[in-house]
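Colleague: Pasting a structure below so you can have a look.
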Amino acid sequence: MELDGKCPTGPIETRWERHRFNLKLVNPANKRKYTIIVVGTGLAGGSAAASLAELGYNVKCFCFQDSPRRAHSIAAQGGINAAKNYHNDGDSIYRLFYDTVKGGDFRARESNVYRLAQISVNIIDQCVAQGVPFAREYSGYLDNRSFGGAQVSRTFYARGQTGQQLLLGAYQALERQIGAGQVEMHSRTEMLDLIVIEGRARGIVTRDLMTGKVESFLGDAVVLGTGGYGNVFYLSTNAKGCNTTAIWRAHKHGALFGNPCFTQIHPTCIPVSGEYQSKLTLMSESLRNDGRVWVPLKAGDKRSASQIPEGERDYFLERKYPSFGNLVPRDVASRNAKSVCDEGRGVGETSLAVYLDFRDAIQRLGAGVIKERYGNLFDMYERITGEDPYNNPMRIYPAIHYTMGGLWVDYNLMATIPGLYVIGEANFSDHGANRLGASALMQGLADGYFVLPNTIGDYLASTKFDKVDTSHAAVKDAEANVCAITKRLLEAKGRRSVDSYHRELGKIMWEYCGMARNAEGLKHALGKIPELREQYWRDVKVLGTGDELNQSLEKAGRVADFLELAELMCLDALDRNESCGGHFREEYQTPEGEAARDDECHCYVSAWEFKGVGSAPQLHKEPLTFEYVHPAQRSYK
Ligand SMILES: Cc1cc2nc3c(=O)[nH]c(=O)nc-3n(C[C@H](O)[C@H](O)[C@H](O)COP(=O)(O)OP(=O)(O)OC[C@H]3O[C@@H](n4cnc5c(N)ncnc54)[C@H](O)[C@@H]3O)c2cc1C
């Protein structure tokens, strides 16, 4: 298969503009003749559904939560990047582009990243117009703070609840269209299969989560904005419901999966405290603006933080990376936290934590300013740990947070199945091997508000659609497939709960495909995962029936998909004989312990084709070329 990213050529500054001009348009009167299915109501899906309806398309929109505004995007705390240069501190579209390509360790497409940086400025204007209450300075201008991997302040924020405020903006735009009858909203409805007719994505099969009713919905194009798959690791900062089902089932119909092993580990999370835990909590990266990361100089030092004098502390990020200090990118900060803990210098009961200390910032600025900046995050930390972070340093440790991998899409955001579009965290597109903080919200909204509404018209205008209805054989096959999976799960009547399998899978993934990977460990995981999957189908216990609200059944289907995806992630990690960004293969590191890329052999996007459960998938490679930001060893020193 020849992978065509459809990236425009020529001067990078005008690529998107020229590309847009060359796209076919659907005239306003014709838009109402098309129906677009949008799965997902997070920042990506919500903004896309609202924008497409605003343009005049008929939209059918789906989410599994009870309300579109409960999508996981609501959890985003820290902020959203945009190259507005309000601080006049040297920022520009080019610098945001440069930081993102470098931050992603040269594994993203330059054309996509440049477009993202360009659109970032429009997003802020759009959200301000919607009334999103971004933090402001005394002058009235929007305030900014810094995030990792940047030496400028370009992150717009609304206290520690930026995602919630942005989602309320998108949600209101969506509600307006629901009210106008342009969007038909289906909450508590889970997509369980994709309908492909004559090679084109034409619809989805869903299950009503309240009644169990299996139903099909047809349209002219399908958009997946279904979020990331970090929960394959069981413990992550993601909302418990986040899963891979929509994109995995589309993958099984022929949509290639891009860079599945690229996962992001966030350095500042509340450490794991016990086996009973089902979720990890993020402490926003914004805290690293003022918090200083340190551990004791000596291994095994069990004194409390206040008893360790200044001279016996190691501010290891400031020491090793003086230019970026505590604001090095996430992959670098996480790896360093792991290595000081491996040296026996970790703190807290488990010794798997480092300090994030606000003592100096409080002395310099006063507790009031710190409270104003991070009050809700400090409260959250205290509620979870029982410790007061104003008086004791926070304890933090890296945790799974974001997936840079996802369905492969071209520059138009179309997957390898014509008519299937994938946006937001669900696609692989813009962040390479490591996403910079505050860039996921930017990408989700860029895709939904600005890119997709332009590119989807080109497909609709240039395709002849035959009329299809739910009696079509492809619809019946997809429905039968969904019912068969449900039946099989309910009839297994085994001994172990879904969660126990999920936890076991998560442990394998964290141990062998987590923050550090090596060939031996990955091969071991590749032996274990199929065994676990086979045992799962034989021995899983799902209580209740399929005709009612049954969260155990919902989870069971999602875990079944994780058990297949996990294998692909390990295969991808094993194939990539290099380290880059969040993919750290222990065999490939510089003498200083930094990720050592192999541009000669691995400067590509890996795009995997499904060949059946348990059969080897086929790897396709999209070569990456860099005309503007030339690959070099990343340095934050
Ligand atoms: C704790 C936390 C804090 C974060 N903070 C930041 C931050 O400050 N800045 C930043 O840039 N990024 C941040 N991120 C990352 C960012 O929040 C996410 O990447 C982004 O919100 C994903 O948006 P999305 O629209 O792609 O998906 P989501 O918000 O996850 O939405 C997915 C949608 O798809 C629906 N869905 C999924 N599967 C199905 C299905 N099978 N059927 C029907 N519906 C389905 C869901 O119901 C939901 O509506 C943070 C992430 C976490 C975990």
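Colleague: Out of ALA83, ALA29, ALA44, which single residue is touching a Gly at 6+ places or on another chain (Cβ under 8 Å) and either of a type outside the set (Ser, Thr, Tyr) or free of Cβ contacts under 8 Å to residues at least 24 places away in the same chain (or both)?
Modeller: Among ALA83, ALA29, ALA44, only ALA44 is touching a Gly at 6+ places or on another chain (Cβ under 8 Å) and either of a type outside the set (Ser, Thr, Tyr) or free of Cβ contacts under 8 Å to residues at least 24 places away in the same chain (or both).
Colleague: Tell me, please, whether a residue that is open to solvent by 10 Å² or more (accessible area, probe 1.4 Å) and either closer than 18 Å to CYS513 by Cβ or within 13 Å of the ligand (Cβ to nearest atom) (or both) can be found in the range 247-257.
Modeller: yes
Colleague: OK, next. Just checking, does the range 445-452 include any residue being part of a strand (DSSP E or B), within 16 Å of the ligand (Cβ to nearest atom) and open to solvent by less than 20 Å² (accessible area, probe 1.4 Å)?
Modeller: No: zero hits.
Colleague: Hey, another quick one. All but one of (1) modelled with pLDDT of 95 or more; (2) open to solvent by less than 20 Å² (accessible area, probe 1.4 Å) hold for PHE626; which doesn't?
Modeller: All conditions are met except number (2).
Colleague: Going through the range 329-352 one residue at a time, which ones are part of a loop (DSSP other than H, G, I, E, B) and in contact with a Gly (Cβ under 6 Å, 6 or more places away or on another chain)? Break it down into steps so the answer makes sense when it comes.
Modeller: Kept after step one, since they are part of a loop (DSSP other than H, G, I, E, B), are these residues of the range 329-352: 329, 343-352.
Residues satisfying the conditions are PRO329, GLY344, LEU352.
Colleague: Filter the range 549-578 down to the residues that are basic (Lys, Arg) and closer than 17 Å to LEU490 by Cβ, then identify the one that is farthest from the chain's Cα centre (by Cα).
Modeller: LYS555
Colleague: Ok, one more. Since ARG435 meets every condition but one in (1) within 11 Å of the ligand (Cβ to nearest atom); (2) open to solvent by less than 10 Å² (accessible area, probe 1.4 Å); (3) assigned to a loop (DSSP other than H, G, I, E, B); (4) out of contact with any Asp or Glu (no Cβ under 8 Å at 6 or more places or on another chain), which condition does it not meet?
Modeller: (2)
Colleague: Only one of (1) without any contact (Cβ under 8 Å) to a residue 24 or more places away in the chain; (2) within 12 Å of the ligand (Cβ to nearest atom) fails for ARG313. Which number is that?
Modeller: Failing condition for ARG313: (2).
Colleague: Next up: Tally the residues that are farther than 13 Å from GLU554 by Cα and among the hydroxyl-bearing types (Ser, Thr, Tyr), restricting the search to the range 477-496.
Modeller: Within the range 477-496, residues that are farther than 13 Å from GLU554 by Cα and among the hydroxyl-bearing types (Ser, Thr, Tyr) number 0.
Colleague: Could you identify the single residue in ARG335, ARG345, ARG313 that is under 30 Å from ARG159 (Cα atoms), touching a strand residue (DSSP E or B) at 6+ places or on another chain (Cβ under 9 Å) and of a type outside the set (Val, Ile, Thr)?
Modeller: ARG335
Colleague: Need the failing condition index for SER236 against (1) modelled with pLDDT of 95 or more; (2) surrounded by fewer than 19 Cβ atoms within 10 Å (Cβ to Cβ); (3) within 24 Å of GLY424 (Cα to Cα), just the number.
Modeller: Of the numbered conditions (1) modelled with pLDDT of 95 or more; (2) surrounded by fewer than 19 Cβ atoms within 10 Å (Cβ to Cβ); (3) within 24 Å of GLY424 (Cα to Cα), the odd one out for SER236 is (2).
Colleague: Turning to a different aspect of this structure: I'm trying to understand the selection: among the residues of the range 509-521, which are out of contact with any Pro (no Cβ under 8 Å at 6 or more places or on another chain) and surrounded by fewer than 21 Cβ atoms within 10 Å (Cβ to Cβ)?
Modeller: Across the range 509-521, the qualifying residues are TRP510, GLU511, ALA516, ASN518, ALA519, GLU520, GLY521.
The values are calculated or read from the model by the stated rules, or taken from the named source; none is laboratory data. On a predicted model such as this, the values are computed, not experimentally measured, just so you know. Virtual Cβ from ideal backbone geometry, glycine too; neighbours counted across all protein chains shown. Surface areas here come from the heavy atoms of the whole protein model, side chains and all, with no ligands, DNA or RNA. Shrake-Rupley method; radii C 1.70, N 1.55, O 1.52, S 1.80 Å.
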